[in-house]
Amino acid sequence: MEKLRIAIQKSGRLSEKSLQLIKESGIFINNGNRKLITQASNFPLEILYLRDDDIPQSVEDGVADIGIVGLNEVEEKDKNINVIEELGFSKCRMSLAIPKNIQYSGIEYFNNKVIATSYPEILKKFLNSKSISSEIHEISGSVEIAPGIGMADAIFDIVSSGSTLISNGLKEVETILYSQAVMISNFSISDKKKHILNELIFRIHSVQKARKNKYILLNAPNDRLNEIFKLLPGMKSPTVLPLAVKGWSSVHSVIGEDDFWEIIGKLKDAGAEGILVIPIEKMIV
Ligand code: PRT
Ligand code: ZN
C-alpha cells in the first residue's frame with residue numbers, strides 16, 4: 001500500500017513537538033531507537049528523520065512528500081515547495097541586533113557594516129528590498145558572539161526570549177521575519193497520497209482546535225441561566241441538566257483559551273458555582 005512520507009527533525013527544538021503532533025493525531029510510531037525511517041503501525045505514514053536544514057530540499061526532491069520545519073528554514077532555502085499549514089509551535093522571530101551601547105538611528109545604520117548570520121539569503125533579500133548594502137559574514141553557529149570578538153558590527157539571528165542577545169551585550173533593532181513550525185509539501189504528490197494527507201490534516205486540525213478550547217462544567221441557579229448562556233455559547237448551545245437540588249442546573253459547554261479568565265470572572269459574577277474546567281483531547285466540529 002502506498003504510504004505518505006513525512007520528514008521531521010531528527011533531534012533539536014522541533015523534534016518532540018513534531019512527534020507529539022503525529023501521536024496526538026492518533027498515529028502510533030515506534031521511535032525507540034530513532035532509525036532513519038520508521039513506519040506508523042495504524043496509519044499509512046512513514047517518518048523520515050533528518051537535520052532541519054535538509055528538510056526543504058528533501059520535500060522538493062520528493063524524497064519526502066511532506067515535512068515539518070521552521071518557516072525560517074523554508075525562507076532561507078527558498079525551494080520549490082508548498083507551505084500548507086502553520087502548526088503554531090516553535091515560534092520565534094529573526095532580527096537584526098547591534099551592541100547595546102550603540103545609538104540606533106534607523107535601517108541606514110547597516111550601510112557598509114559587517115553582519116554575521118547563519119541565514120544569509122533572508123538577510124540579503126531584506127537588505128536589497130531596503131537598498132542597504134552591507135557585508136554579510138556567514139557563520140554556522142554562535143552568531144551572537146561575533147560582535148564581541150570583533151568579527152562583525154551586527155548580527156542577524158533567531159530570537160525567542162531575547163536573553164541570548166542580552167547576555168551578549170546586544171539589542172534587537174529590526175525584526176525581519178516571524179517564524180513558527182510549518183508543514184510543507186511537494187508540489188506533485190499522487191492522488192492516493194493526497195487522500196492520506198487530507199486525513200492527516202483533518203486530524204491535526206481537530207488536535208489544534210482541542211488545544212485551544214476547554215470543556216467547562218458549572219452549577220447555576222435557574223434564574224441566572226440566560227445570563228450564563230450568553231457567556232457560554234458552546235459548539236451549538238450549552239447542555240443543561242437539572243441538579244437534584246431544586247432551582248439549580250448543571251451547565252456544560254466549551255470555552256476558548258484566549259478569553260478564558262475573563263469569562264470565568266463573569267460566570268462567577270453571574271452566580272456560577274463549582275466550576276470545573278477539563279482539557280479536550282480531540283474536537284471535531
Ligand atoms: O541539527 P539541526 O540542523 O536539525 O538543528 P538546528 O541546530 O539547526 O536547529 P534547532 O533545533 O536549534 O532549531 C530548530 C528550529 O527551531 C529553528 O529553525 C527555529 O525555527 C526554531 N526555534 C525556535 C529556534 C528558537 N526558537 C531559538 N530560540 N531556533 C533557535 N533558537 C536559538 C537562537 O539561534 C539563539 O541562539 O536560541 C537562541 C535565542 O533564544 P533566546 O530565547 O535566548 O532569545
Ligand atoms: Zn539546522
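Shown here: segment 92-179, whose C-alpha atoms stretch 31, 27, 23 Å along the first, second and third principal axes, sorted largest to smallest.
Considering only protein heavy atoms and a probe of 1.4 Å, how much of the accessible area of segment 92-179 is carbon and sulfur, as a whole percent? The value for segment 92-179 is 46 percent carbon and sulfur by accessible area. Taking each DSSP H run with n ≥ 4 as -39500 (n - 2.57) and averaging over every residue of the chain yields -8000 deg cm²/dmol at 222 nm. Positive end of the dipole of the chain (Cβ unit charges, origin at the Cα centre): among 129, 64, 95, the Cα lying farthest that way belongs to 64.
Take every Cα-Cα pair in segment 228-285 and report what % of them are more than 18 Å apart. Tail fraction, whole percent: 35. Ligands, DNA and RNA are left out, and with a 1.4 angstrom probe the accessible area of the chain is 54 Å² per residue. Using a/c under 1.5 as the rounded threshold, could you call segment 104-148 rounded, prolate or oblate? The axes a ≥ b ≥ c are square roots of the C-alpha gyration tensor eigenvalues, and prolate needs a/b larger than b/c, oblate otherwise. Note, shape of segment 104-148 comes out oblate. Relative intensity of the chain on a log10 scale, I(q)/I(0) at q = 0.12, 0.13 Å⁻¹, equals -0.89, -0.95, per a Debye sum over C-alpha point scatterers of equal strength in the absence of solvent.
DSSP finds beta bridges in segment 92-179, and of those with both partners inside it, around 65 percent are antiparallel.
Extents of segment 86-240, taken as max minus min of Cα coordinates on every principal axis and listed largest first, are 70, 49, 27 Å. Here the accessible area of segment 213-279 is 57 percent carbon and sulfur, with a 1.4 angstrom probe and all protein chains present. Extents of segment 1-122, largest first, come to 60, 27, 24 Å (Cα atoms, principal axes, whole angstrom).
Using a probe of 1.4 Å on the protein chains alone, the accessible area found for residue 257 is around 80 Å².
The values are calculated or read from the model by the stated rules, or taken from the named source; none is laboratory data. Note that the structure is predicted; figures quoted are calculated from it, not measured. Cβ: placed from backbone, ideal geometry, glycine included. Neighbour counts: every protein chain shown. Just the protein is used for accessible areas: all its heavy atoms, side chains included, with ligands, DNA and RNA removed. Shrake-Rupley method; radii C 1.70, N 1.55, O 1.52, S 1.80 Å.
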